[in-house]
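Visitor: One structure, pasted below without further comment.
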Amino acid sequence: MEPIRQLALNIPATTKPRVVIVGAGFGGLNTAQSLPDEKFQVVLFDKHNYHTFQPLLYQVASAALQADAIAGPLRSLFHNRKDFHFRMLRVLSVEPGMKVVNTTAGPLEYDYLIISSGAKTNYFGNENMQKYALPLKTIPNALNFRSQLMQLFEWASLNANPDIEDHLLNIVLVGGGPTGVEMAGALSELRKKVLPKDYPRLDFSKMNIYLLEGLDRLLPPMSAKASARAKKDLEKMGVIIKLGAMVQDYDGETVTLKDGEQIKTYIVIWSAGVTGELTPGIPPEWAERGRLLTDTHCKVIGSNGIFAIGDVALMKTEDYPKGHPGVAQPAIQMGKYIGKNLDAIHNGRTVKPFKYFDKGSLATIGRGKAVADLPGNIFFGGRLAWFIWLFVHVQFLVSFRNKLLVLANWTWNLFTFDKGNRLIIRPYIRKGDERAKAVFAENEVGS
Ligand SMILES: Cc1cc2nc3c(=O)[nH]c(=O)nc-3n(C[C@H](O)[C@H](O)[C@H](O)COP(=O)(O)OP(=O)(O)OC[C@H]3O[C@@H](n4cnc5c(N)ncnc54)[C@H](O)[C@@H]3O)c2cc1C
(Lines give C-alpha, C1' and ligand atoms only; values in the text may rest on other atoms or scores of the structure.)
Protein backbone atom coordinates (compact mmCIF):
# COMPACT_ATOMS: atom_id res chain seq x y z
CA MET A 1 0.00 0.00 0.00
CA GLU A 2 1.17 3.53 -0.84
CA PRO A 3 2.27 5.62 2.17
CA ILE A 4 -0.17 8.38 3.09
CA ARG A 5 1.69 11.66 3.13
CA GLN A 6 1.36 14.17 5.90
CA LEU A 7 -0.66 17.31 5.34
CA ALA A 8 1.53 20.06 3.94
CA LEU A 9 0.48 23.51 2.69
CA ASN A 10 -3.01 22.47 3.80
CA ILE A 11 -3.21 19.98 0.92
CA PRO A 12 -5.08 16.78 1.81
CA ALA A 13 -3.19 13.52 2.16
CA THR A 14 -3.49 11.19 -0.80
CA THR A 15 -2.60 7.71 -2.00
CA LYS A 16 -2.74 8.83 -5.63
CA PRO A 17 0.37 10.07 -7.41
CA ARG A 18 0.79 13.76 -6.67
CA VAL A 19 1.59 16.01 -9.61
CA VAL A 20 3.02 19.39 -8.62
CA ILE A 21 2.98 22.06 -11.34
CA VAL A 22 5.17 25.16 -11.04
CA GLY A 23 3.59 28.08 -12.92
CA ALA A 24 0.07 28.65 -14.22
CA GLY A 25 0.98 30.10 -17.61
CA PHE A 26 -0.05 28.50 -20.89
CA GLY A 27 1.91 25.31 -20.14
CA GLY A 28 0.95 24.83 -16.49
CA LEU A 29 -2.71 25.63 -17.06
CA ASN A 30 -3.07 23.12 -19.89
CA THR A 31 -1.24 20.47 -17.87
CA ALA A 32 -3.57 20.94 -14.90
CA GLN A 33 -6.64 20.87 -17.16
CA SER A 34 -5.54 17.66 -18.86
CA LEU A 35 -4.90 15.55 -15.73
CA PRO A 36 -7.93 13.57 -14.44
CA ASP A 37 -8.74 13.86 -10.72
CA GLU A 38 -9.56 10.17 -10.44
CA LYS A 39 -5.98 9.24 -11.20
CA PHE A 40 -3.88 12.09 -9.85
CA GLN A 41 -3.82 14.68 -7.13
CA VAL A 42 -2.99 17.91 -8.95
CA VAL A 43 -1.28 20.80 -7.13
CA LEU A 44 -0.74 24.05 -9.02
CA PHE A 45 1.58 26.79 -7.74
CA ASP A 46 1.88 30.34 -9.03
CA LYS A 47 3.02 33.61 -7.52
CA HIS A 48 -0.12 35.27 -8.95
CA ASN A 49 -3.68 34.09 -8.41
CA TYR A 50 -4.46 34.61 -12.08
CA HIS A 51 -3.35 33.40 -15.49
CA THR A 52 -1.85 36.15 -17.65
CA PHE A 53 -2.52 36.26 -21.38
CA GLN A 54 0.89 37.71 -22.22
CA PRO A 55 0.29 38.34 -25.95
CA LEU A 56 -2.07 41.21 -25.03
CA LEU A 57 0.08 42.76 -22.30
CA TYR A 58 1.06 45.53 -24.68
CA GLN A 59 -2.60 46.54 -25.00
CA VAL A 60 -2.84 46.97 -21.22
CA ALA A 61 0.40 48.97 -21.29
CA SER A 62 -0.91 51.20 -24.08
CA ALA A 63 -4.32 51.79 -22.43
CA ALA A 64 -6.38 49.82 -24.96
CA LEU A 65 -7.48 47.14 -22.46
CA GLN A 66 -7.99 47.02 -18.72
CA ALA A 67 -5.83 44.53 -16.82
CA ASP A 68 -8.63 42.14 -15.87
CA ALA A 69 -9.54 41.64 -19.54
CA ILE A 70 -6.40 39.57 -20.00
CA ALA A 71 -6.19 37.95 -16.56
CA GLY A 72 -8.21 34.88 -15.57
CA PRO A 73 -8.61 34.13 -11.83
CA LEU A 74 -7.11 30.65 -11.52
CA ARG A 75 -9.46 29.23 -8.92
CA SER A 76 -12.49 30.00 -11.07
CA LEU A 77 -11.07 27.88 -13.88
CA PHE A 78 -11.12 24.75 -11.69
CA HIS A 79 -14.45 25.00 -9.86
CA ASN A 80 -15.63 21.48 -10.50
CA ARG A 81 -12.41 19.67 -9.75
CA LYS A 82 -12.38 17.38 -6.70
CA ASP A 83 -8.68 16.77 -6.16
CA PHE A 84 -7.16 19.93 -7.59
CA HIS A 85 -5.39 22.38 -5.29
CA PHE A 86 -4.14 25.84 -6.19
CA ARG A 87 -1.74 27.64 -3.87
CA MET A 88 -0.56 31.19 -4.42
CA LEU A 89 3.09 31.20 -3.40
CA ARG A 90 6.58 31.44 -4.82
CA VAL A 91 8.53 28.28 -5.50
CA LEU A 92 11.98 28.72 -3.99
CA SER A 93 13.85 25.54 -4.90
CA VAL A 94 13.64 21.89 -5.80
CA GLU A 95 15.39 18.97 -4.11
CA PRO A 96 15.31 16.38 -6.89
CA GLY A 97 16.92 13.66 -4.73
CA MET A 98 14.20 13.98 -2.05
CA LYS A 99 11.41 14.69 -4.57
CA VAL A 100 10.52 17.81 -2.61
CA VAL A 101 9.69 21.30 -3.78
CA ASN A 102 10.37 24.17 -1.34
CA THR A 103 8.05 27.17 -1.39
CA THR A 104 7.56 30.40 0.53
CA ALA A 105 4.84 28.53 2.46
CA GLY A 106 6.85 25.37 3.17
CA PRO A 107 7.94 22.15 1.44
CA LEU A 108 5.80 19.64 -0.47
CA GLU A 109 6.62 16.14 -1.75
CA TYR A 110 5.81 15.23 -5.31
CA ASP A 111 5.72 12.13 -7.47
CA TYR A 112 5.84 14.13 -10.67
CA LEU A 113 7.05 17.70 -10.92
CA ILE A 114 6.10 19.78 -13.96
CA ILE A 115 8.24 22.88 -14.33
CA SER A 116 6.40 25.43 -16.44
CA SER A 117 7.82 28.59 -14.93
CA GLY A 118 8.22 30.38 -18.27
CA ALA A 119 10.86 32.97 -19.04
CA LYS A 120 12.12 36.17 -17.45
CA THR A 121 13.54 39.35 -18.95
CA ASN A 122 17.21 39.05 -19.88
CA TYR A 123 19.21 42.28 -19.62
CA PHE A 124 22.41 40.52 -20.66
CA GLY A 125 24.17 41.88 -17.58
CA ASN A 126 23.39 45.54 -18.33
CA GLU A 127 22.76 46.82 -14.80
CA ASN A 128 21.68 50.32 -15.82
CA MET A 129 19.13 48.92 -18.24
CA GLN A 130 17.75 46.70 -15.48
CA LYS A 131 17.57 49.70 -13.15
CA TYR A 132 15.99 52.26 -15.49
CA ALA A 133 14.21 50.49 -18.34
CA LEU A 134 10.76 48.94 -17.95
CA PRO A 135 10.20 45.24 -18.71
CA LEU A 136 6.93 43.89 -20.13
CA LYS A 137 6.40 40.37 -18.80
CA THR A 138 3.63 40.72 -16.21
CA ILE A 139 0.45 42.69 -15.59
CA PRO A 140 2.15 44.82 -12.90
CA ASN A 141 4.86 45.63 -15.52
CA ALA A 142 2.18 46.72 -18.02
CA LEU A 143 0.42 48.88 -15.43
CA ASN A 144 3.74 50.46 -14.45
CA PHE A 145 4.32 51.43 -18.07
CA ARG A 146 0.78 52.77 -18.49
CA SER A 147 1.14 54.89 -15.34
CA GLN A 148 4.56 56.13 -16.33
CA LEU A 149 3.31 57.02 -19.81
CA MET A 150 0.27 58.94 -18.61
CA GLN A 151 2.27 60.60 -15.81
CA LEU A 152 4.68 61.82 -18.47
CA PHE A 153 1.91 63.64 -20.34
CA GLU A 154 0.41 65.05 -17.14
CA TRP A 155 3.87 66.20 -16.18
CA ALA A 156 4.54 67.65 -19.63
CA SER A 157 1.25 69.55 -19.53
CA LEU A 158 2.31 71.14 -16.23
CA ASN A 159 5.44 72.37 -17.93
CA ALA A 160 3.31 73.95 -20.67
CA ASN A 161 4.34 74.86 -24.20
CA PRO A 162 6.47 76.41 -25.68
CA ASP A 163 9.20 75.83 -23.10
CA ILE A 164 8.73 72.11 -22.98
CA GLU A 165 11.97 70.23 -23.38
CA ASP A 166 12.25 68.58 -26.77
CA HIS A 167 12.89 65.09 -25.52
CA LEU A 168 10.31 64.95 -22.75
CA LEU A 169 7.83 63.00 -24.85
CA ASN A 170 10.25 60.60 -26.56
CA ILE A 171 9.71 56.88 -26.07
CA VAL A 172 12.31 54.23 -26.85
CA LEU A 173 11.44 50.58 -27.41
CA VAL A 174 14.42 48.23 -27.39
CA GLY A 175 13.84 44.97 -29.27
CA GLY A 176 12.14 44.69 -32.66
CA GLY A 177 10.39 41.39 -31.93
CA PRO A 178 6.58 41.10 -31.72
CA THR A 179 6.40 43.02 -28.42
CA GLY A 180 8.40 46.00 -29.74
CA VAL A 181 6.55 46.06 -33.06
CA GLU A 182 3.07 45.81 -31.51
CA MET A 183 3.90 48.37 -28.85
CA ALA A 184 5.31 50.82 -31.42
CA GLY A 185 2.13 50.57 -33.49
CA ALA A 186 -0.12 51.02 -30.46
CA LEU A 187 1.80 54.07 -29.21
CA SER A 188 1.77 55.62 -32.64
CA GLU A 189 -2.04 55.31 -32.76
CA LEU A 190 -2.29 56.88 -29.30
CA ARG A 191 -0.12 59.76 -30.52
CA LYS A 192 -2.21 60.32 -33.61
CA LYS A 193 -5.79 59.83 -32.45
CA VAL A 194 -6.02 60.14 -28.69
CA LEU A 195 -3.36 62.20 -26.98
CA PRO A 196 -3.76 65.44 -28.98
CA LYS A 197 -7.40 65.60 -27.85
CA ASP A 198 -6.46 64.94 -24.22
CA TYR A 199 -3.59 67.41 -24.19
CA PRO A 200 -4.41 70.11 -26.75
CA ARG A 201 -1.63 72.40 -25.51
CA LEU A 202 1.14 69.81 -26.03
CA ASP A 203 3.02 69.64 -29.30
CA PHE A 204 2.93 65.99 -30.35
CA SER A 205 5.27 66.55 -33.26
CA LYS A 206 7.88 66.45 -30.48
CA MET A 207 6.86 62.94 -29.45
CA ASN A 208 9.23 60.53 -31.19
CA ILE A 209 8.73 56.78 -30.96
CA TYR A 210 11.98 54.93 -31.54
CA LEU A 211 12.13 51.18 -32.20
CA LEU A 212 15.66 49.82 -31.85
CA GLU A 213 16.65 46.37 -33.10
CA GLY A 214 20.15 44.89 -32.96
CA LEU A 215 19.66 42.62 -35.99
CA ASP A 216 19.16 43.77 -39.56
CA ARG A 217 15.37 43.31 -39.62
CA LEU A 218 12.26 43.54 -37.45
CA LEU A 219 10.39 40.42 -36.28
CA PRO A 220 13.46 38.16 -36.58
CA PRO A 221 11.50 34.93 -35.90
CA MET A 222 9.10 35.65 -38.80
CA SER A 223 9.59 35.60 -42.59
CA ALA A 224 11.55 38.30 -44.44
CA LYS A 225 8.29 39.43 -46.08
CA ALA A 226 6.65 39.90 -42.67
CA SER A 227 9.67 41.89 -41.46
CA ALA A 228 9.65 44.17 -44.50
CA ARG A 229 5.90 44.77 -44.30
CA ALA A 230 6.03 45.55 -40.57
CA LYS A 231 8.85 48.05 -41.17
CA LYS A 232 7.01 49.72 -44.02
CA ASP A 233 3.74 50.01 -42.08
CA LEU A 234 5.41 51.31 -38.93
CA GLU A 235 7.45 53.89 -40.82
CA LYS A 236 4.27 55.11 -42.48
CA MET A 237 2.86 55.52 -38.99
CA GLY A 238 5.83 57.71 -38.07
CA VAL A 239 7.84 55.25 -35.97
CA ILE A 240 11.61 55.81 -36.17
CA ILE A 241 13.15 52.39 -36.76
CA LYS A 242 16.84 51.78 -36.25
CA LEU A 243 18.15 48.39 -37.35
CA GLY A 244 21.58 47.07 -36.35
CA ALA A 245 21.24 49.38 -33.33
CA MET A 246 23.05 47.94 -30.32
CA VAL A 247 22.10 49.66 -27.08
CA GLN A 248 25.02 50.22 -24.78
CA ASP A 249 23.66 52.19 -21.87
CA TYR A 250 20.72 54.11 -20.42
CA ASP A 251 21.15 56.40 -17.44
CA GLY A 252 17.47 57.23 -16.97
CA GLU A 253 17.64 60.20 -19.35
CA THR A 254 19.80 59.21 -22.31
CA VAL A 255 20.03 56.00 -24.31
CA THR A 256 23.50 55.53 -25.77
CA LEU A 257 24.01 53.24 -28.75
CA LYS A 258 27.24 51.39 -29.48
CA ASP A 259 27.97 53.69 -32.43
CA GLY A 260 27.84 56.68 -30.08
CA GLU A 261 24.39 57.99 -31.08
CA GLN A 262 22.36 59.28 -28.15
CA ILE A 263 18.59 59.50 -27.71
CA LYS A 264 17.07 61.49 -24.87
CA THR A 265 14.07 59.84 -23.22
CA TYR A 266 12.43 59.23 -19.86
CA ILE A 267 10.73 55.98 -20.94
CA VAL A 268 12.45 52.90 -22.27
CA ILE A 269 10.79 49.51 -22.70
CA TRP A 270 13.23 46.63 -22.77
CA SER A 271 11.97 43.62 -24.72
CA ALA A 272 15.25 42.59 -26.29
CA GLY A 273 15.67 39.21 -24.65
CA VAL A 274 14.38 36.53 -22.32
CA THR A 275 15.91 33.58 -20.54
CA GLY A 276 14.33 30.59 -18.79
CA GLU A 277 12.98 31.11 -15.26
CA LEU A 278 15.04 28.28 -13.72
CA THR A 279 14.22 26.91 -10.29
CA PRO A 280 17.19 26.83 -7.89
CA GLY A 281 18.29 23.32 -6.88
CA ILE A 282 18.26 22.01 -10.44
CA PRO A 283 21.73 20.60 -11.24
CA PRO A 284 23.42 22.95 -13.74
CA GLU A 285 24.07 20.07 -16.17
CA TRP A 286 20.31 19.71 -16.65
CA ALA A 287 20.12 23.16 -18.27
CA GLU A 288 21.54 24.80 -21.36
CA ARG A 289 21.36 28.54 -22.16
CA GLY A 290 18.95 29.08 -19.28
CA ARG A 291 16.48 26.36 -20.33
CA LEU A 292 15.94 22.81 -19.04
CA LEU A 293 17.05 20.10 -21.46
CA THR A 294 14.31 17.55 -22.02
CA ASP A 295 13.90 14.37 -24.01
CA THR A 296 11.13 14.10 -26.58
CA HIS A 297 8.64 13.12 -23.83
CA CYS A 298 9.25 16.46 -22.04
CA LYS A 299 11.19 14.69 -19.24
CA VAL A 300 14.17 16.63 -17.92
CA ILE A 301 17.19 14.61 -19.00
CA GLY A 302 18.88 13.00 -15.99
CA SER A 303 15.96 13.58 -13.61
CA ASN A 304 13.54 11.24 -11.89
CA GLY A 305 9.95 12.35 -12.41
CA ILE A 306 10.67 15.95 -13.44
CA PHE A 307 9.21 17.37 -16.65
CA ALA A 308 9.71 20.80 -18.22
CA ILE A 309 7.44 22.50 -20.74
CA GLY A 310 6.97 25.82 -22.50
CA ASP A 311 9.48 28.68 -22.47
CA VAL A 312 11.64 27.09 -19.76
CA ALA A 313 12.12 23.83 -21.71
CA LEU A 314 14.71 23.05 -24.35
CA MET A 315 13.70 20.02 -26.41
CA LYS A 316 16.06 19.56 -29.33
CA THR A 317 14.55 17.69 -32.25
CA GLU A 318 15.40 17.26 -35.90
CA ASP A 319 12.86 19.94 -36.87
CA TYR A 320 13.84 22.24 -33.98
CA PRO A 321 17.55 21.68 -33.25
CA LYS A 322 17.66 24.83 -31.10
CA GLY A 323 14.41 24.03 -29.30
CA HIS A 324 10.86 25.22 -29.95
CA PRO A 325 10.05 28.91 -30.35
CA GLY A 326 9.27 30.80 -27.14
CA VAL A 327 5.62 31.37 -27.97
CA ALA A 328 2.31 30.22 -26.54
CA GLN A 329 1.57 27.26 -28.84
CA PRO A 330 4.50 24.99 -27.83
CA ALA A 331 3.61 25.60 -24.15
CA ILE A 332 -0.09 24.82 -24.75
CA GLN A 333 0.64 21.72 -26.81
CA MET A 334 3.26 20.43 -24.34
CA GLY A 335 0.83 20.99 -21.46
CA LYS A 336 -1.82 18.86 -23.16
CA TYR A 337 0.80 16.27 -24.07
CA ILE A 338 2.01 15.95 -20.46
CA GLY A 339 -1.52 15.03 -19.40
CA LYS A 340 -1.58 12.15 -21.87
CA ASN A 341 2.00 11.18 -21.08
CA LEU A 342 1.49 10.92 -17.29
CA ASP A 343 -1.74 9.03 -17.78
CA ALA A 344 0.13 6.52 -19.97
CA ILE A 345 3.00 6.20 -17.47
CA HIS A 346 0.39 5.64 -14.74
CA ASN A 347 -1.12 2.78 -16.77
CA GLY A 348 2.24 1.24 -17.75
CA ARG A 349 1.98 2.44 -21.36
CA THR A 350 4.14 4.77 -23.42
CA VAL A 351 2.99 7.52 -25.75
CA LYS A 352 4.57 8.76 -28.96
CA PRO A 353 7.19 11.51 -28.61
CA PHE A 354 5.92 15.09 -28.52
CA LYS A 355 5.47 16.64 -31.95
CA TYR A 356 4.92 20.37 -32.28
CA PHE A 357 2.24 21.43 -34.73
CA ASP A 358 3.22 24.87 -36.02
CA LYS A 359 0.05 26.85 -36.69
CA GLY A 360 1.98 29.89 -37.95
CA SER A 361 2.90 33.30 -36.51
CA LEU A 362 1.05 36.59 -36.34
CA ALA A 363 1.92 40.11 -35.28
CA THR A 364 -0.32 43.14 -35.36
CA ILE A 365 0.88 46.63 -36.22
CA GLY A 366 -2.23 48.72 -35.84
CA ARG A 367 -5.83 49.11 -36.89
CA GLY A 368 -6.31 46.99 -40.03
CA LYS A 369 -2.61 46.20 -40.18
CA ALA A 370 -0.96 42.90 -39.28
CA VAL A 371 1.38 40.28 -40.71
CA ALA A 372 0.74 36.55 -40.86
CA ASP A 373 3.11 33.67 -41.68
CA LEU A 374 1.12 30.50 -42.18
CA PRO A 375 2.45 26.93 -42.59
CA GLY A 376 3.65 26.23 -46.14
CA ASN A 377 5.52 29.55 -46.46
CA ILE A 378 2.29 31.48 -46.94
CA PHE A 379 2.56 35.15 -46.04
CA PHE A 380 -0.01 37.87 -46.08
CA GLY A 381 -0.33 41.26 -44.50
CA GLY A 382 -2.99 43.91 -44.06
CA ARG A 383 -6.66 43.68 -43.14
CA LEU A 384 -7.11 39.92 -43.54
CA ALA A 385 -4.07 39.21 -41.36
CA TRP A 386 -5.48 41.66 -38.82
CA PHE A 387 -8.87 39.88 -38.70
CA ILE A 388 -7.10 36.53 -38.22
CA TRP A 389 -5.02 38.09 -35.46
CA LEU A 390 -8.17 39.39 -33.72
CA PHE A 391 -9.93 36.04 -34.00
CA VAL A 392 -6.97 33.97 -32.76
CA HIS A 393 -6.36 36.19 -29.76
CA VAL A 394 -9.97 36.17 -28.64
CA GLN A 395 -10.16 32.40 -29.14
CA PHE A 396 -7.22 31.69 -26.82
CA LEU A 397 -8.28 33.93 -23.94
CA VAL A 398 -8.96 31.68 -20.96
CA SER A 399 -12.48 32.62 -19.94
CA PHE A 400 -15.74 33.78 -21.50
CA ARG A 401 -15.55 36.93 -19.37
CA ASN A 402 -12.10 37.76 -20.79
CA LYS A 403 -13.37 37.26 -24.34
CA LEU A 404 -16.35 39.50 -23.70
CA LEU A 405 -14.28 42.28 -22.10
CA VAL A 406 -11.69 42.23 -24.88
CA LEU A 407 -14.33 42.26 -27.60
CA ALA A 408 -16.23 45.10 -25.89
CA ASN A 409 -13.06 47.20 -25.57
CA TRP A 410 -11.98 46.52 -29.13
CA THR A 411 -15.40 47.39 -30.51
CA TRP A 412 -15.38 50.63 -28.53
CA ASN A 413 -11.85 51.44 -29.75
CA LEU A 414 -12.78 50.60 -33.34
CA PHE A 415 -15.75 52.96 -33.53
CA THR A 416 -14.49 55.78 -31.32
CA PHE A 417 -10.75 55.71 -32.15
CA ASP A 418 -10.39 55.93 -28.38
CA LYS A 419 -8.36 53.94 -25.84
CA GLY A 420 -10.36 54.28 -22.70
CA ASN A 421 -7.97 53.00 -20.06
CA ARG A 422 -5.72 56.01 -19.74
CA LEU A 423 -5.89 55.90 -15.96
CA ILE A 424 -3.16 56.47 -13.42
CA ILE A 425 -4.61 54.23 -10.73
CA ARG A 426 -1.33 53.67 -9.00
CA PRO A 427 1.34 56.24 -9.94
CA TYR A 428 4.62 54.61 -10.75
CA ILE A 429 7.85 56.35 -9.91
CA ARG A 430 10.88 54.61 -11.24
CA LYS A 431 13.55 54.09 -8.63
CA GLY A 432 15.99 56.98 -8.77
CA ASP A 433 13.67 59.14 -10.91
CA GLU A 434 14.07 62.26 -8.78
CA ARG A 435 12.28 64.57 -11.22
CA ALA A 436 9.11 62.48 -11.34
CA LYS A 437 9.25 62.07 -7.58
CA ALA A 438 9.52 65.80 -7.10
CA VAL A 439 6.60 66.57 -9.42
CA PHE A 440 4.26 63.96 -8.01
CA ALA A 441 5.16 64.61 -4.40
CA GLU A 442 4.75 68.32 -5.00
CA ASN A 443 1.27 67.91 -6.41
CA GLU A 444 0.25 65.31 -3.84
CA VAL A 445 -1.31 63.02 -6.38
CA GLY A 446 -2.05 59.35 -6.38
CA SER A 447 -2.98 58.84 -2.74
C1 LIG B 1 4.82 40.93 -23.98
C2 LIG B 1 4.73 39.53 -24.55
C3 LIG B 1 4.07 39.32 -25.76
C4 LIG B 1 3.96 38.04 -26.31
N5 LIG B 1 3.29 37.88 -27.46
C6 LIG B 1 3.09 36.63 -27.94
C7 LIG B 1 2.29 36.41 -29.09
O8 LIG B 1 1.79 37.36 -29.71
N9 LIG B 1 2.08 35.13 -29.51
C10 LIG B 1 2.62 34.07 -28.84
O11 LIG B 1 2.38 32.92 -29.22
N12 LIG B 1 3.40 34.25 -27.76
C13 LIG B 1 3.65 35.49 -27.29
N14 LIG B 1 4.41 35.68 -26.18
C15 LIG B 1 5.11 34.52 -25.58
C16 LIG B 1 4.17 33.64 -24.75
O17 LIG B 1 3.38 34.45 -23.90
C18 LIG B 1 5.01 32.65 -23.98
O19 LIG B 1 5.74 31.88 -24.88
C20 LIG B 1 4.14 31.75 -23.10
O21 LIG B 1 3.50 32.52 -22.13
C22 LIG B 1 4.96 30.65 -22.46
O23 LIG B 1 4.13 29.89 -21.62
P24 LIG B 1 4.74 29.20 -20.33
O25 LIG B 1 3.64 28.40 -19.71
O26 LIG B 1 6.00 28.50 -20.66
O27 LIG B 1 5.16 30.40 -19.37
P28 LIG B 1 4.33 31.64 -18.83
O29 LIG B 1 3.08 31.82 -19.57
O30 LIG B 1 5.29 32.75 -18.75
O31 LIG B 1 3.94 31.20 -17.36
C32 LIG B 1 4.88 31.03 -16.33
C33 LIG B 1 4.16 31.13 -15.00
O34 LIG B 1 5.05 30.70 -13.98
C35 LIG B 1 4.89 31.51 -12.85
N36 LIG B 1 6.14 31.42 -12.07
C37 LIG B 1 7.40 31.61 -12.54
N38 LIG B 1 8.29 31.39 -11.56
C39 LIG B 1 7.58 31.07 -10.46
C40 LIG B 1 7.95 30.74 -9.12
N41 LIG B 1 9.22 30.69 -8.72
N42 LIG B 1 6.96 30.47 -8.24
C43 LIG B 1 5.66 30.52 -8.62
N44 LIG B 1 5.26 30.82 -9.88
C45 LIG B 1 6.21 31.08 -10.78
C46 LIG B 1 4.62 32.89 -13.43
O47 LIG B 1 3.94 33.71 -12.50
C48 LIG B 1 3.76 32.54 -14.65
O49 LIG B 1 2.38 32.57 -14.33
C50 LIG B 1 4.55 36.95 -25.61
C51 LIG B 1 5.20 37.16 -24.40
C52 LIG B 1 5.30 38.44 -23.88
C53 LIG B 1 6.02 38.65 -22.55
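The values are calculated or read from the model by the stated rules, or taken from the named source; none is laboratory data. What you see is a predicted model, and the numbers here were worked out from it, not measured in a lab. Because the Cβ atoms are built from the backbone with ideal geometry, glycine has one as well, and the counts that use them run over all protein chains shown. Surface accessibility is based on the protein's heavy atoms, side chains included, excluding ligands, DNA and RNA. Shrake-Rupley method; radii C 1.70, N 1.55, O 1.52, S 1.80 Å.
Visitor: Which one of C298, G446, L92 has its Cα pushed farthest toward the positive end of the charge dipole of the chain, where Lys and Arg give +1 and Asp and Glu give -1 at the Cβ?
Guide: C298
Visitor: A follow-up question, please. Taking the DSSP beta bridges in the stretch 32-102 as the whole, what percent of them are antiparallel, to the nearest 5?
Guide: Once the DSSP bridges in the stretch 32-102 are tallied, antiparallel ones form about 55 percent.
Visitor: Dipole magnitude of the chain about its Cα centre, charges +1 at Lys/Arg Cβ and -1 at Asp/Glu Cβ only, in debye to the nearest 20?
Guide: It comes to approximately 1180 debye.
Visitor: Hey, which of these cross-link pairs are over 23 Å Cα-Cα: K197/K431; K120/K437; K359/K419; K192/K242; K99/K299?
Guide: K197/K431; K120/K437; K359/K419
Visitor: Using DSSP, restrict attention to beta bridges with both residues in the chain and report what percent are antiparallel, rounded to the nearest 5.
Guide: The antiparallel proportion sits near 50 percent.
Visitor: What longest region of the chain stays clear of GluC sites (Glu not before Pro) that DSSP places outside H, G, I, E and B and that have at most 15 other Cβ atoms within 10 Å?
Guide: Longest gap between qualifying sites, sites excluded: 39-164.
Visitor: Where the accessible area of the chain is counted over protein heavy atoms with a 1.4 Å probe, how much of it, in %, is carbon and sulfur? Spell out each step's value before the answer.
Guide: Working: 11250 of 20500 Å².
The C+S portion of the solvent-accessible surface of the chain is 55 percent.
Visitor: Right, another one. Can you list the aspartates and glutamates whose alpha carbon is less than 13 Å from that of K316, not counting same-chain residues fewer than 8 positions off?
Guide: Within the straight-line cut-off, K316 pairs with E288, D295.
Visitor: Additional query: May I ask you to derive the relative contact order of the stretch 234-317, considering only C-alpha pairs under 8 Å and at least 6 residues apart, and to give it as an integer percent? Don't jump to the answer; show the numbers that get you there.
Guide: Numbers: 101 pairs, mean separation 14.2, N = 84.
Here the relative contact order equals 17 percent.
Visitor: So for the chain, averaging the separation of alpha carbon pairs under 8 Å that are six or more residues apart and normalising by length, what relative contact order in percent results?
Guide: 19
Visitor: May I ask which residue of Q333, S361, H346 lies farthest towards the positive end of the charge dipole of the stretch 327-372, with charges of +1 (Lys, Arg) and -1 (Asp, Glu) on Cβ and the Cα centre as origin?
Guide: S361
Visitor: Could you grab the relative contact order for the stretch 137-262? Cα pairs under 8 Å, six or more apart, rounded to a whole percent. List each step's numbers first, then the result.
Guide: Details: 161 pairs, mean separation 28.8, N = 126.
Relative contact order, the stretch 137-262: 23 percent.
Visitor: Find out how many positive minus negative residues lie around R81, taking Lys and Arg as positive, Asp and Glu as negative, among other residues whose Cβ is under 12 Å from that of R81. All intermediate terms of the calculation are to be shown ahead of the outcome.
Guide: Numbers: positive: R75, K82; negative: D37, E38, D83.
Here the count lands on -1.
Visitor: Along its three principal axes, how long is the chain when you only count alpha carbons? Whole Å, largest extent first please.
Guide: Cα extents, longest axis first: 81, 53, 44 Å.
Visitor: Which one of L397, I139, P36 is farthest out on the positive end of the charge dipole of the chain, using unit charges on Cβ (Lys, Arg +1; Asp, Glu -1) and the Cα centre as origin?
Guide: Of L397, I139, P36, it is P36.
Visitor: Starting from the stretch 190-283, pick out the trypsin sites (Lys or Arg not before Pro) whose DSSP state is loop and whose Cβ has at most 15 other Cβ atoms within 10 Å.
Guide: Sites meeting the loop and neighbour criteria: R201, K258.
Visitor: Once the whole set of protein chains is in place, how much accessible area is left on M246, using a 1.4 Å probe, in Å² to the nearest 10?
Guide: Rounded to the nearest 10, that gives 90 Å².
Visitor: How much FRET efficiency would the formula 1/(1 + (r/R0)^6) give for R201 and A438, where r is the Cβ-Cβ distance and R0 is 25 Å, rounded to 0.05?
Guide: Efficiency computed from Cβ-Cβ geometry: 0.70.
Visitor: Treating only the Cβ of Lys, Arg, Asp and Glu as charged (+1, +1, -1, -1), what charge dipole size does the stretch 1-120 show about its Cα centre? Round to the nearest 20 debye.
Guide: Around 100 debye, computed over the stretch 1-120.
Visitor: So with the 1.4 Å probe, I'd like the accessible area per residue for the chain, rounded to whole Å².
Guide: Accessible area per residue, the chain: 46 Å².
Visitor: For the chain, modelled as a Gaussian network with Cα springs under 10 Å, which listed residue fluctuates most, S227, S62, S76?
Guide: In the Gaussian network model the winner is S76.
Visitor: What's the extension gain from V392 to L407 if we count 0.36 nm per residue and subtract their Cα-Cα distance?
Guide: Gain on extension, V392 to L407, equals 4.2 nm.
Visitor: Within 13 Å, Cβ to Cβ, of Y337, how many net charges do the neighbouring residues add up to if Lys/Arg are +1 and Asp/Glu are -1? Kindly include the intermediate steps, with their values, before the conclusion.
Guide: On the way: positive: K299, K336, K340, K352, K355; negative: D295, D343.
So the surrounding residues net to +3.
Visitor: Kindly list the residues of the stretch 212-234 that lie in the label zone of M246, defined by a backbone N under 13 Å from the point 7 Å along the Cα-to-C-beta vector.
Guide: Within reach of a label on M246, which here means backbone N under 13 Å from a point 7 Å along Cα→Cβ, the stretch 212-234 contributes 214-216.
Visitor: Now for a different question. So what's the back-of-envelope 222 nm ellipticity for the chain, counting only DSSP H runs of four-plus at -39500 (n - 2.57) apiece and dividing by all residues, rounded to 500? Walk me through the numbers before you get to the answer.
Guide: Details: 11 runs with 129 residues, N = 447.
Computed mean residue ellipticity for the chain: -9000 deg cm²/dmol.
Visitor: Report, in whole Å, the centroid distance computed from the Cα atoms of the stretch 303-323 and the stretch 222-237.
Guide: Centre-to-centre (Cα) distance: 31 Å.
Visitor: Where is the GNM fluctuation largest for the chain (alpha-carbon springs, 10 angstrom cutoff): G376, G366, G177?
Guide: For the chain, modelled as a Gaussian network with Cα springs under 10 Å, the answer is G376.
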